[in-house]
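The values are calculated or read from the model by the stated rules, or taken from the named source; none is laboratory data. Values in this document were obtained by computation on a predicted structure and should not be read as measured data. Don't worry about glycine lacking a Cβ; one is built from the backbone with ideal geometry, like all the others, and counts go over all protein chains shown.
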Amino acid sequence: MIMVTGATGTVGRLVVARMPTSTAVRALVRRPDRLITLRPDVEVVQGDYADDDSLLRALQGVRRALLITGAVGGGEDERFLRAARRAGTEHVVKLSAAAVLDRSADDAVTRWQRDTEQLLRSSDLAWTLLRPRSFMSNTLAWAPGIRSEGVVRGLYGTSANACVDPRDIADVAVRALTESGHDGRAYTLTGPGPVTAVEQTRELGRAIGRRLEFVELTPDQTRAALLRRHSEPVVEALLASARRQKCGAKAGTDPMLAKLLGRAATPFTTWAVDHAPLFANGSEGTTKPRARP
């Protein structure tokens, strides 16, 4: 049995959908009614990182698990790993972030990610770390402004990021969960090349057949907007991340994803075309981006 946590999230739901039909899959969710899947063979279980008993029940019979957490400093990884050891789980694949490798990154989110990686590495469990760069799907936060005004507002529009398609991350996760040879490995996952917010805006405009405008925000404007959605430590972490990106810290690419999948990483142009309906007028589809320095 393989468990996928965060099964209603950006990567988790894709992993559930991409798992081989011959594999027994269990999806752990807080709200089962929010899980949309075309896989009737997937077992859906309710569980909460704050409820040790629910985690232990959900992990019974699970051999491998994908661990996705998001509460910075909330102890979710520690409680999950404790329950996994008690349940006899053998291998945990953890979704982390590429920023952990950047020595100049010392914000609250990156420190938390490093700490949670160390928790897993020091456990008695076999482990695999997935360290993606920013998700291409983070641009879905722009969808309301694109639909209503044809405008994208953002910070440092000409700074580049080798962002990655979440579908590619999910494909790597499936391999790590279903194949041998991934124990004790850490994989940095990037897109095929760096892209700026201005370039992403242009590609989205082409995908929907509409001229879009990028409007540069100041750091203070960006902070005010982020504070409406995130706590202050997370906001400061995201701003620090943006400054590192401006200095070129996120422009580098890594060949690992292509080696693992046997194909090139998906370019942003393809992601934009595939998701164009979410940005077009009349679309109601939105996805909350995950904070990921």
Picking from Thr188, Thr266, Thr286, the residue that is of a type in the set (Val, Ile, Thr), at pLDDT 95 or above and not in a strand (DSSP E or B) would be Thr266
Subset of the stretch 8-38, residues surrounded by 14 or more Cβ atoms within 10 Å (Cβ to Cβ) and either free of Cβ contacts under 8 Å to residues at least 12 places away in the same chain or charged (D, E, K, R) (or both), comes to Arg13, Arg18, Arg26, Arg30
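One line per residue, one yes/no per condition, for (1) in contact with a strand residue (DSSP E or B) (Cβ under 7 Å, 6 or more places away or on another chain); (2) under 25 Å from Gly88 (Cα atoms); (3) at pLDDT 95 or above; (4) of a type outside the set (S, T, N, Q):
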{"residue": "Leu119", "(1), (2), (3), (4)": "no, yes, yes, yes"}
{"residue": "Asp124", "(1), (2), (3), (4)": "no, yes, no, yes"}
{"residue": "Arg131", "(1), (2), (3), (4)": "yes, no, yes, yes"}
{"residue": "Ser137", "(1), (2), (3), (4)": "no, no, yes, no"}
{"residue": "Pro166", "(1), (2), (3), (4)": "yes, no, yes, yes"}
{"residue": "Ala173", "(1), (2), (3), (4)": "yes, yes, yes, yes"}
{"residue": "Ala176", "(1), (2), (3), (4)": "yes, yes, yes, yes"}
{"residue": "Gly184", "(1), (2), (3), (4)": "yes, yes, yes, yes"}
{"residue": "Ala197", "(1), (2), (3), (4)": "yes, no, yes, yes"}
If we keep only residues of the stretch 177-194 that are surrounded by 22 or more Cβ atoms within 10 Å (Cβ to Cβ) and among the aliphatic types (A, V, I, L, M), then the residue farthest from Phe279 (Cα to Cα) is Leu177
If we keep only residues of the stretch 119-164 that are more than 21 Å from Val215 (Cβ to Cβ) and without any contact (Cβ under 8 Å) to a residue 40 or more places away in the chain, then the residue surrounded by the fewest Cβ atoms within 10 Å (Cβ to Cβ) is Asp124
Across (1) assigned to a strand (DSSP E or B); (2) hydrophobic (A, V, I, L, M, F, W, C); (3) under 19 Å from Thr5 (Cβ atoms), Trp112 clears everything bar (1)
